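To start, the structure under review is shown below, and the notes come after it.
The values are calculated or read from the model by the stated rules, or taken from the named source; none is laboratory data. Quick caveat, the model's predicted, so the values are computed rather than measured. Neighbour counts are summed over all protein chains in view; Cβ atoms, including those assigned to glycine, are modelled from backbone coordinates with ideal geometry.
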């Protein structure tokens, strides 16, 4: 089947899937978990073949680790499916209702987006997570995983397709793409594919964003900032800076730049430098920073760099306004934090920093769907429309307007024979 | 000023505008209305120059009419501003709140999108409407109107900029582009411009959509359908078909195709043919239609054509499922109507037709922001994300997440020292 045919089949299935009741979707999800458990031997065998091949091809250790998908991982994704079943169905919610006139009622009702294209890297768990999120939200999905995981992904997709079709889900709703050429072709299918969710490296996500007219949900960079204000509790500030940088360095919500108000720089910097030294973090500072504590000099490029590593750029700023300006200039619109004891300053920061997540006295690492209590995370978005920040199931739905009349025509209203009531119904 | 500089100025202003209080925005809107009234002589003079030039260049009569912007039109846009002032501010609404843990509260708060690029054709009223909508929703705006209206638009933009700056709105928030080259360059400025709203012809909107990475809010076509089911009240069906086609033919929510269930075609078609004849509507029918009533033959191309004229394509279908399939294949995802007395059939139609607006027993012409009671209309969108159908002010806002803590770090939660509460706050 060509990618255009796969996309057409997914589109076809998506129409029917939009009307599948919650109960059927939940039963199908349970059937997926059951099938994954039942076929866990087969899945593990396919995964061993992938891992062996990857090892022979000298894949680096962290990627090998992510590629591995065995009994423990299968149990984890099945637990995830259990949680997903318990979440409310995002489809079919009445978002507003208004009586336009007697016997003419308008409802805004949530519905699936349609066909979602997801491109992810080596972790096979992502295939199960994203396809079950799409199913719960009534969307068809085109999936392309990392080529290292080809065998595993094939068995997983087949298992999910089979289990869901038997449970009454329209066949064709899940389609696996296998080559990079398929992905390139998918990027052109804006008639069939309604939304792309790329998961992976900065360069990869940016490539997708730059090569398609299809809307993209996601983020390329995560250059996150911690700003330590002159009115900050400096112990709190140090703890937040260290957690934001070090708690897990390889992720998008880790801090990359520390901004420090001039008024507290002399007291704060030596203290936090010692803490970062003990964690093995290299600091790269502006001239003012270097005048206070020994650091490597930061270049212009450092302010625009997502290290994803034990490196932190440090800049002394005059105050909150320079911090806001710096963040809006160099940041990614992802997650930025102010540490201050002053409410007005904090509110100014949170209002004027143009980022998805603006934090006051809390680590940037809280920026995450599970920590936010969304129940499931589709991804983190730095988009300015549709969905922003950590995105839960509600990012996979849109709405349609249902107007229920009894024969009304517009001529009667434009000629003044009738007038609108516009009375809220809910 | 180059377009890149204009966009940068707008971006800069948008940051500050996001935090401007409702009262200041409303006062600025009132100042705009006042300034338009005060300078109405100057505006009318500029418009006369545009109209004279357009007449000399042989602009067709309907466009000349749209171009005209005199005392009556100025009063109309000022009334519109009065209504806009009375609408609730879409910015700063708390959409959700959750206590993650003691002293760690997360709020999802609506905020402006940022910088909106709007490209519209000849009507100068559009400049006032769209810029005041952007102001109310806290967005900066880059505007490009039709070149026929250049003089009028220049005076209007200057009047609005001056009045709002004096009223405390950050200067630079409104920028007028003057050439087509400016528009082409704006399409590349995805770092500065967050959303494009093109208003105009099908070909024009499609051109914009195909030449930018910036998200576009709008619709290209409006191929809307009326499906007359076998369980329809045929008098009602005829009235809805006639209103949908004829009440105003040149607009996107007018019907272009009539689908008729085979079971009622012999009774319905001759009756509705007579009504369309009296309105001067040319029917183009499928073979089955032609066998019942004299019509021009429809070609494959007719099903995919937005006539915007007194022409209607007519097809006899087996029933609701064939109607749904036809609409999802040839339609624009805009507005489609079923006429039926059967609730289950209507629900099937409304669930499976993948359109922004799905109507049961009401004219497609109701698909409009003012008729929907939205108070103001930004445009009509056939997008599958962000905003769909008639879009009010809420289409010009997104949200940010504000997390208010008291020094919390993620390490405490990942190490099990603390656990999340996730208690809803609102």
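Among the numbered criteria (1) farther than 23 Å from residue A:135 by Cα; (2) more than 7 Å from every other protein chain (Cβ to nearest Cβ); (3) surrounded by fewer than 23 Cβ atoms within 10 Å (Cβ to Cβ); (4) out of contact with any helix residue (DSSP H, G or I) (no Cβ under 9 Å at 6 or more places or on another chain), which one does residue A:383 miss?
Condition not satisfied by residue A:383: (3).
Just the residues that are free of Cβ contacts under 8 Å to residues at least 60 places away in the same chain, more than 10 Å from chain A (Cβ to nearest Cβ) and buried (at least 17 other Cβ atoms within 10 Å of the Cβ), please, taken from the stretch B:393-426.
Matches in the stretch B:393-426: none.
Which of (1) free of Cβ contacts under 8 Å to residues at least 40 places away in the same chain; (2) in contact with a strand residue (DSSP E or B) (Cβ under 8 Å, 6 or more places away or on another chain); (3) farther than 22 Å from residue B:393 by Cβ; (4) at the interface with chain B (Cβ under 7 Å from one of its Cβ atoms) does residue A:388 not meet, given it meets every other one?
Here residue A:388 clears every test but (3).
Give the residue that is farthest from the other protein chains (Cβ to nearest Cβ), with candidates limited to residues of the stretch A:361-378 that are surrounded by fewer than 22 Cβ atoms within 10 Å (Cβ to Cβ) and either without any contact (Cβ under 8 Å) to a residue 40 or more places away in the chain or touching a strand residue (DSSP E or B) at 6+ places or on another chain (Cβ under 9 Å) (or both).
Ranking the qualifying residues of the stretch A:361-378, first place goes to A:377.
Give the number of residues within the stretch B:12-32 that are more than 11 Å from chain A (Cβ to nearest Cβ) and touching a residue at least 12 places away in the same chain (Cβ under 8 Å).
Matching residues across the stretch B:12-32 total 11.
Look at residue B:9 and say whether it is surrounded by fewer than 22 Cβ atoms within 10 Å (Cβ to Cβ) and closer than 23 Å to residue B:193 by Cα.
yes
For the list (1) part of a loop (DSSP other than H, G, I, E, B); (2) at pLDDT 95 or above; (3) surrounded by fewer than 18 Cβ atoms within 10 Å (Cβ to Cβ), I need the number of the one condition that residue B:235 fails.
For residue B:235, the exception is condition (1).
Hey, any hits in the stretch B:35-43 for a residue that's part of a loop (DSSP other than H, G, I, E, B) and touching a residue at least 24 places away in the same chain (Cβ under 8 Å)?
Yes.
Take the stretch A:175-215 and flag every residue that is without any contact (Cβ under 8 Å) to a residue 60 or more places away in the chain and touching a helix residue (DSSP H, G or I) at 6+ places or on another chain (Cβ under 6 Å).
A:176
For the stretch A:185-224, how many residues meet the condition of being within 14 Å of chain B (Cβ to nearest Cβ) and on the phi > 0 side of the Ramachandran plot?
Residues meeting the conditions: 1.
Select, from B:182, B:125, B:194, B:210, the only residue that is touching a strand residue (DSSP E or B) at 6+ places or on another chain (Cβ under 9 Å), in the same structural domain as residue B:16 (by TED's automatic domain parsing) and either crowded, with 22+ Cβ neighbours inside 10 Å or under 27 Å from residue B:250 (Cα atoms) (or both).
Of the residues listed, the single one that is touching a strand residue (DSSP E or B) at 6+ places or on another chain (Cβ under 9 Å), in the same structural domain as residue B:16 (by TED's automatic domain parsing) and either crowded, with 22+ Cβ neighbours inside 10 Å or under 27 Å from residue B:250 (Cα atoms) (or both) is B:194.
Have a look at B:49, B:56 and point out the one that is closer than 22 Å to residue B:155 by Cα, assigned by TED's automatic domain parsing to the domain that holds residue B:117 and free of Cβ contacts under 8 Å to residues at least 24 places away in the same chain.
B:56
Being surrounded by fewer than 24 Cβ atoms within 10 Å (Cβ to Cβ), in contact (Cβ under 8 Å) with a residue 60 or more places away in the chain and under 29 Å from residue B:352 (Cα atoms), is that true of even one residue in the stretch A:137-157?
Looking for residues that are surrounded by fewer than 24 Cβ atoms within 10 Å (Cβ to Cβ), in contact (Cβ under 8 Å) with a residue 60 or more places away in the chain and under 29 Å from residue B:352 (Cα atoms), one finds none in the stretch A:137-157, hence no.
Condition check: touching a strand residue (DSSP E or B) at 6+ places or on another chain (Cβ under 7 Å), surrounded by fewer than 19 Cβ atoms within 10 Å (Cβ to Cβ) and either in a helix (DSSP H, G or I) or at pLDDT 95 or above (or both). Does residue A:244 satisfy that?
Criteria not met by residue A:244.
I'd like the full set of residues that are under 12 Å from residue A:17 (Cβ atoms) and assigned to a helix (DSSP H, G or I), limited to the stretch A:132-167.
Of everything in the stretch A:132-167, those that are under 12 Å from residue A:17 (Cβ atoms) and assigned to a helix (DSSP H, G or I) turn out to be A:134, A:135, A:136, A:164, A:165.
Quick check, is residue A:222 outside any helix (DSSP H, G or I), touching a residue at least 60 places away in the same chain (Cβ under 8 Å) and more than 21 Å from residue A:137 (Cα to Cα)?
So residue A:222 fits the description; yes.
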